[in-house]
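Data block below; observations after.
The values are calculated or read from the model by the stated rules, or taken from the named source; none is laboratory data. This one's a predicted model, so the numbers in the text were calculated from it and none came from an experiment. Virtual Cβ from ideal backbone geometry, glycine too; neighbours counted across all protein chains shown. Accessible surface areas use protein heavy atoms only, side chains included; no ligands, DNA or RNA. Shrake-Rupley method; radii C 1.70, N 1.55, O 1.52, S 1.80 Å.
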Amino acid sequence: MARDLAETVTAVPATGTESILAGMLAEVMRVEQVAADGHFFDELGADSLVMAKFCARVRKREDLPSVSMKDIYRHPTITSLATALAETDTGADTDAGTGQDATTSLAQPDPGPAPSAAPASTRQYLVCGALQLLTFLVYTWAVAIIGARAYEWISAARGYEEVYLRAVAFGGAVFIVLCILPIVAKWVLIGRWKPQQIRVWSLGYFRFWVVKTLVKSNPLVLVGVGSPLYTWYLRALGAKIGRRTVIFTRHVPVCTDLLTIGPDTVIRKESFLNCYRAYAGWIQTGRVTIGRNVFIGEKTVLDINTSMGDVSQLGHTSALHSGQRVRTGERWHGSPAQRTDVNYLRVSARPCGTFRRFRFGASTLFWVLFVYLPLIEGSVFLLLTAVPSLGKVLDPGMDAVTTPSLYRDALALSLILFFGPVLLGLVVVATVPRLLGLFITPSAVYPLFGFRDRIHRAIVRLTGARFYTHLFGDSSFIVYYLRWLGYDLGEVEQTGSNFGTEVGHETPYMSIIGSGTMVADGLSIMNTDFSTTSFRVSPVYIGGHSFFGNNIAFPAGGRVGDNCLIATKAMIPLDGKVREGVGLLGSPPFEIPRTVERDQAFDYLRESGELRPRLRAKNWHNLRTMGIFLLGRWLHLFLITLFGLAAFDAFGGFAQLQMAFLLAVSVLITPVYFVLLERAIKRWRRLEPKYCSIYDPYFWRHERLWKVPGEGYLHMFDGTPFKNLVWRGLGVTIGKRVFDDGCYMTERTLTTIGDDVMLNASTKIQCHSQEDGTFKSDRTAIGNGCTMGVGAMVHYGVRMGERSVLAPDSFLMKGEEIPPYARWGGNPAREM
């Protein structure tokens, strides 16, 4: 709680620096004076947003050293901060937590000489977009013709046995072609990747985009991740990967000739080893070198020109910035990474020979070619056979576009295809994985690529369906769904927003979450530990009465107990005491206050008896939102089905182009549909900065925007000018020639993007937070020519100055301001 103002001004600043800092903080807090020995958060009543604005003012003073939010938490009074700044001037600052000199405890990134900015011309931008659109139309035409021919051939079969055999033949042929096509395209269009710079939107970039799109869309990425098939695919693309290496990330490396991975290495999921980045108008390619027997944790980023020596480790939620090199036998973590003693390889090895790996890959292909694909194709054929009117629609001689039966059949087919799997899926995810889970013993170590490995992967896939967490998330009903899956949630204290829409796990039966804990979004519960030969599934215990921000990976053995605040993108520690009653921020994490006065503004709702009626009203609103979600998804499927049936009707004679056009429209209608849907939900209004309780009706309407419109369709347009058109349609104020390789923006109308901005893969602009049930949102602006590195995230109230750079995997906290041409990085981000 804040001190009384009269008490606050009793301690007068004793030095010149203290006087300057105290005066600046008083201006930001709009008070006459502040006490030099007053704790910023506990006594003066400030919060992180206020202190971020204070830091920005200090950085504008040329006579004062730069101040970051980490400095504020480390030195939470004017006196201690002034002393630390004086020590920084004399080079005596030490690294928190290690006691070492800050200049030696952290190997500083060396990005090399910055390239000159090279914004493309509008003409190049438009020509590249036209070529990308033409490529899409040609690809759609080929898919349409092949699909129609396949239907004719399979439907001409006599008896179900012949239907199955033809389905196997066609499905296998298509699967093999789709697997080989990216490899051929890479070697024909690129040859061998070399370290180079490619101007964005140039013809060279167009070739890069074609290869990148094909490489990432290979069906082996869906069925082969974490198996020998995946490493075989990367080797065929030119990557140098040693024996017995296991790669679990679905983020496929693109410039594969620049990737070297030694034998016996394990790379966890959601890691980035792209071997390229977008920077100041260029696509820069560079080497990523990983030695033998290396461990790379979950949610990590390895920028170009990085390397890891033999028997080294990179912990979870960490990043190597360009120029960083981990020496042999060292363990690093953090963003940017630094030395640590924590051992992240936490499971012993088991015998796992070459034949076992070969058998696993071969059996995977067998199930795909002889079970899954024939089942999908046969189901479509049987459906068309069972509904004769649909077969008539596909008769080339019939003008089905003007036939009412087309719309009735599209309606019936879309209802069956949508609501049938939705209802059946709820039964499957609650029953089949439970039976499979009987074969997995907690904390037992099993060899990879065996029966129990196959069982475990099936549990992960079946219980990880994002459709249901998206449907039930951000509402009271997510609690019942997670229990339905198998989570142990104890005695639930219902808030109406206990979990967001993207909570994930590796097994729900060993996920234990204490009472009263709220999770914003993006929580990944890491129940499984891997080596290159074995795995172990262990319980994960998450304490009660805590709050988790966005994008957090919680491993088994995490040293976090009850009543903690885990900030967005924070690392969960695996060593030291169990943290309780504190907040954790950053990677590596450091302690901050568990809560501040501002986040307690709505606690009276729990104490005054108003919570129950407000929760009831929120539940009814969330039920309507879920109904809109289902209706919106079904209507989208109905439109695609309608255009798809019309396209098949056009098959034959000279109507092949019409068929391809209708199929292309069935794909391109997706962004138009969801843009209109989101605009309708907002009633064509723009969002405004807000500070309120999660029980305020405004928040419920805002929350609806996270659930209903969807986001998966946006990635279809990554790296193309059409992504910017979609963002403009959604309300983003976006400039010219913006390069977006996979960014996501949660509050579109609160976001401003300048001209020639570079947004790398998996970047995120989030203009809100909701600590402990208090919702806050504000505008964020990214200036002209800025670059956001791979996996970087900016919060609300942020300003990035012209041509500034945010390094990979960085977290730019709320209220921060980056000066023009500055380079920031880290978690939390600071000037580098």
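Quick check: is even one residue across the stretch 784-799 of a type in the set (D, E, K, R), open to solvent by 20 Å² or more (accessible area, probe 1.4 Å) and in a loop (DSSP other than H, G, I, E, B)? Within the stretch 784-799, not a single residue is of a type in the set (D, E, K, R), open to solvent by 20 Å² or more (accessible area, probe 1.4 Å) and in a loop (DSSP other than H, G, I, E, B). Entry remark, the stretch 481-516: residues being of a type in the set (Ser, Thr, Tyr), within 25 Å of Thr625 (Cβ to Cβ) and at pLDDT 95 or above number 2 in total.
Consider the stretch 543-564 and keep the residues that are of a type in the set (Gly, Ala, Ser) and not in a loop (DSSP other than H, G, I, E, B). The one that is nearest to the chain's Cα centre (by Cα) is Ala553. Looking at the stretch 315-330, can you tell me whether even one residue there is at pLDDT 90 or above and among the acidic types (Asp, Glu)? Yes - at least one qualifying residue is present in the stretch 315-330.
Within the stretch 281-297, the set of residues being open to solvent by 20 Å² or more (accessible area, probe 1.4 Å) and more than 22 Å from Ala236 (Cβ to Cβ) comprises Trp282, Asn293. Sub-8 Å Cβ pairs linking a first residue in the stretch 680-702 that is loosely packed, with under 15 Cβ neighbours inside 10 Å to a second residue that is in a loop (DSSP other than H, G, I, E, B) and charged (D, E, K, R), at least 6 apart or interchain, are Pro689/Asp778; Pro689/Arg779, ordered by first then second residue.
On the given criteria, is Asn343 open to solvent by 10 Å² or more (accessible area, probe 1.4 Å) and at positive phi? Spelling it out, it is not the case that Asn343 is open to solvent by 10 Å² or more (accessible area, probe 1.4 Å) and at positive phi. Can you find a residue that is under 20 Å from Arg452 (Cβ atoms), touching a Phe, Trp or Tyr at 6+ places or on another chain (Cβ under 7 Å), part of a strand (DSSP E or B) and open to solvent by less than 10 Å² (accessible area, probe 1.4 Å) anywhere in the stretch 513-520? Among the residues of the stretch 513-520, not one is under 20 Å from Arg452 (Cβ atoms), touching a Phe, Trp or Tyr at 6+ places or on another chain (Cβ under 7 Å), part of a strand (DSSP E or B) and open to solvent by less than 10 Å² (accessible area, probe 1.4 Å), which makes the answer no. Of the residues making up the stretch 180-228, those that are in contact with a Ser or Thr (Cβ under 7 Å, 6 or more places away or on another chain), farther than 15 Å from Cys128 by Cα, at pLDDT 95 or above and in a helix (DSSP H, G or I) number 0. Among the residues of this structure, Leu415 does not count as one that is open to solvent by 30 Å² or more (accessible area, probe 1.4 Å), of a type in the set (A, V, I, L, M), closer than 30 Å to Ile247 by Cβ and modelled with pLDDT under 95.
Contact annotation: residue pairs with Cβ atoms under 7 Å, 6 or more positions apart or on different chains, pairing a residue in the stretch 20-39 that is more than 22 Å from Ala86 (Cβ to Cβ) and of a type in the set (D, E, K, R) with a partner that is open to solvent by less than 50 Å² (accessible area, probe 1.4 Å) and not in a loop (DSSP other than H, G, I, E, B), are Glu32/Ala26.
When the stretch 713-731 is filtered for residues that are crowded, with 21+ Cβ neighbours inside 10 Å and without any contact (Cβ under 8 Å) to a residue 24 or more places away in the chain, the ones remaining, listed by number, are Lys723, Asn724.
Restricting attention to the stretch 547-568, report how many residues are at negative phi and in contact with a Gly (Cβ under 7 Å, 6 or more places away or on another chain).
Kept after step one, since they are at negative phi, are these residues of the stretch 547-568: 547-550, 552-556, 558-562, 564-568.
If we keep only those that are in contact with a Gly (Cβ under 7 Å, 6 or more places away or on another chain) as well, we get 550, 552, 559-562, 564-568.
Within the stretch 547-568, residues that are at negative phi and in contact with a Gly (Cβ under 7 Å, 6 or more places away or on another chain) number 11.
Under the condition of being part of a helix (DSSP H, G or I) and open to solvent by 10 Å² or more (accessible area, probe 1.4 Å), which residue from the stretch 232-241 is nearest to Val211 (Cα to Cα)?
Per the stated criteria, the residue is Ala236.
Helices (runs of 4 or more DSSP H) fully within the stretch 601-686 that include at least 3 residues being within 34 Å of the chain's Cα centre (by Cα) and either at pLDDT 75 or above or within 29 Å of Thr140 (Cα to Cα) (or both): 611-649, 656-681. Among the listed residues Ile525, Ile513, Ile455, which satisfies the condition of being touching a Leu at 6+ places or on another chain (Cβ under 7 Å) and under 30 Å from Ser363 (Cα atoms)? Unique residue meeting the criteria: Ile455.
Residue count for the stretch 301-332 satisfying the condition of being crowded, with 24+ Cβ neighbours inside 10 Å, among the aliphatic types (A, V, I, L, M) and part of a loop (DSSP other than H, G, I, E, B): 1. Please work out if Ser335 is farther than 23 Å from Ala156 by Cα, open to solvent by less than 30 Å² (accessible area, probe 1.4 Å), in a helix (DSSP H, G or I) and at pLDDT 75 or above. So Ser335 fails the test. A Cβ distance below 8 Å, combined with a sequence gap of six or more or placement on separate chains, defines the contacts here; from the stretch 456-484, residues that are free of Cβ contacts under 8 Å to residues at least 24 places away in the same chain reach residues that are surrounded by fewer than 19 Cβ atoms within 10 Å (Cβ to Cβ) and of a type outside the set (A, V, I, L, M, F, W, C) in the pairs Val479/Gln494.
Conditions (1) at pLDDT below 85; (2) open to solvent by 70 Å² or more (accessible area, probe 1.4 Å); (3) under 30 Å from the mean Cα position of the chain (by Cα), marked per residue:
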position: Pro65; (1), (2), (3): yes, no, no
position: Pro76; (1), (2), (3): no, no, no
position: Glu87; (1), (2), (3): yes, yes, no
position: Pro111; (1), (2), (3): yes, no, yes
position: Ala114; (1), (2), (3): yes, yes, yes
position: Ala120; (1), (2), (3): yes, no, yes
position: Leu134; (1), (2), (3): no, yes, yes
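Testing Thr94 on (1) over 30 Å from Leu584 (Cα atoms); (2) modelled with pLDDT under 75; (3) of a type in the set (S, T, N, Q), one condition comes back false. Which one is that? Condition not satisfied by Thr94: (1).
Is it true that some residue in the stretch 583-595 is under 16 Å from Gly773 (Cβ atoms) and in contact with a Gly (Cβ under 8 Å, 6 or more places away or on another chain)?
yes
Do we find that Asp756 is assigned to a loop (DSSP other than H, G, I, E, B) and over 19 Å from the mean Cα position of the chain (by Cα) in this structure? Answer is yes for this residue. Between Thr787, Thr763, Thr751, the distinction of being more than 21 Å from Ile304 (Cα to Cα) and at pLDDT 95 or above belongs to Thr751 only.
Looking across the stretch 703-712 at every residue that is in contact with a helix residue (DSSP H, G or I) (Cβ under 8 Å, 6 or more places away or on another chain) and assigned to a loop (DSSP other than H, G, I, E, B), the one that is surrounded by the fewest Cβ atoms within 10 Å (Cβ to Cβ) is identified as Gly710.
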